[in-house]
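Asker: Just passing along the structure, written as structure tokens.
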Amino acid sequence: HILGFLDRYKSGSYFFDGKEVMEYTDDERAHIRNRKMGFVFQSFNLLSRTSVLENVKLPLLYSDVPEAQWEKRANEAIATVGLEHRLHHQPSQLSGGEKQRAAIARALVTHPQVIFADEPTGNLDSKSGLLVMQTLQRLNEEQGHTIVLITHETYTAEHAERIVRLLDGA
């Protein structure tokens, strides 16, 4: 939450884009969060009565991207995660893995530099979890996105290039 500007820290220093984060105004942090960060949560956080396409377009409402480009951006993000065939489906019509891939597409739509993924495979079976991890790996390797992934699962962490382990806050 601190890395994604969702919480404030009480000690230490955190620099993002060469500037101490506490020096950014609330509006600047919100702008950076929307433009340079994408978030993928364990619980998907998709709007239940909204199509995959509309869920993916949601972050664009708060962006500087002209509305005329929203559809194209959303379709590109959905294609990146291989969900073109589910474009107009609602979350209740998707499997758990498809919901998570829709959530990843939503995180991608603003072309972020960093994607924060909090337990992205936690609610998934092993096959769907593997698909999600392969998608995240591909985003890192082929498109250069930095992926910060939080997990308690060893087999999920093994997909990472670098692993930082925390135990009791240290």
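Asker: Does the stretch 112-120 include one or more residues that are of a type in the set (Asp, Glu), under 15 Å from the mean Cα position of the chain (by Cα), open to solvent by 30 Å² or more (accessible area, probe 1.4 Å) and under 21 Å from residue 48 (Cα atoms)? Don't jump to the end; show me each part of the working.
Answerer: Start the filter on the stretch 112-120 by keeping residues that are of a type in the set (Asp, Glu), which leaves 118-119.
Filter again for under 15 Å from the mean Cα position of the chain (by Cα), leaving 118-119.
Those left that are additionally open to solvent by 30 Å² or more (accessible area, probe 1.4 Å): 118.
Among the residues that remain, those that are also under 21 Å from residue 48 (Cα atoms) are: 118.
Checked against the condition, which is being of a type in the set (Asp, Glu), under 15 Å from the mean Cα position of the chain (by Cα), open to solvent by 30 Å² or more (accessible area, probe 1.4 Å) and under 21 Å from residue 48 (Cα atoms), the stretch 112-120 yields at least one hit.
Asker: Is it true that residue 54 is out of contact with any Pro (no Cβ under 6 Å at 6 or more places or on another chain) and either polar (S, T, N, Q) or over 24 Å from residue 144 (Cβ atoms) (or both)?
Answerer: Details: out of contact with any Pro (no Cβ under 6 Å at 6 or more places or on another chain): yes; either polar (S, T, N, Q) or over 24 Å from residue 144 (Cβ atoms) (or both): yes.
Taking the combined requirement at face value, the residue satisfies it.
Asker: Please go through the stretch 109-142 and pick out each residue that is at pLDDT below 90, within 19 Å of residue 75 (Cβ to Cβ) and of a type in the set (A, V, I, L, M, F, W, C).
Answerer: 139
Asker: Further question: Look at residue 45 and say whether it is part of a helix (DSSP H, G or I) and either open to solvent by 30 Å² or more (accessible area, probe 1.4 Å) or modelled with pLDDT under 95 (or both).
Answerer: Details: part of a helix (DSSP H, G or I): no; either open to solvent by 30 Å² or more (accessible area, probe 1.4 Å) or modelled with pLDDT under 95 (or both): yes.
No; evaluated as a whole, the condition is false for this residue.
Asker: Which of the residues belonging to the stretch 99-120 are in contact (Cβ under 8 Å) with a residue 40 or more places away in the chain and assigned to a helix (DSSP H, G or I)?
Answerer: Once the filter is applied, which keeps residues that are in contact (Cβ under 8 Å) with a residue 40 or more places away in the chain and assigned to a helix (DSSP H, G or I), the stretch 99-120 yields 99, 100, 102, 103, 104, 105, 106, 107, 108.
Asker: Right, another one. Given the options 89, 145, name the one that is within 26 Å of residue 54 (Cβ to Cβ), modelled with pLDDT of 90 or more and open to solvent by less than 90 Å² (accessible area, probe 1.4 Å).
Answerer: Values: 145 fails: modelled with pLDDT of 90 or more.
The conditions single out 89.
Asker: Restricting to the stretch 65-86, and then to whatever is hydrophobic (A, V, I, L, M, F, W, C) and in a helix (DSSP H, G or I), can you tell me which residue is surrounded by the most Cβ atoms within 10 Å (Cβ to Cβ)? Steps first, please.
Answerer: First, the residues of the stretch 65-86 that are hydrophobic (A, V, I, L, M, F, W, C): 65, 68, 70, 74, 77-79, 81, 83.
Cutting the leftovers down to in a helix (DSSP H, G or I) gives us 68, 70, 74, 77-79.
Working: 68: 7, 70: 19, 74: 24, 77: 24, 78: 26, 79: 12.
So the residue we want is 78.
Asker: Can you run down the residue pairs with Cβ atoms below 6 Å, 6 or more apart or on separate chains, where the first is in the stretch 1-25 and open to solvent by 90 Å² or more (accessible area, probe 1.4 Å) and the partner is in a loop (DSSP other than H, G, I, E, B) and at pLDDT below 95?
Answerer: That search, which allows pairs on different chains as well, returns 1/7.
The values are calculated or read from the model by the stated rules, or taken from the named source; none is laboratory data. Please read all numbers here as calculations on a predicted model, not as lab measurements. As a convention, Cβ positions derive from the backbone with ideal geometry for all residues, glycine included, and neighbour counts pool all protein chains shown. These area figures cover heavy atoms from the full protein model, side chains too; ligands, DNA and RNA do not enter into them. Shrake-Rupley method; radii C 1.70, N 1.55, O 1.52, S 1.80 Å.
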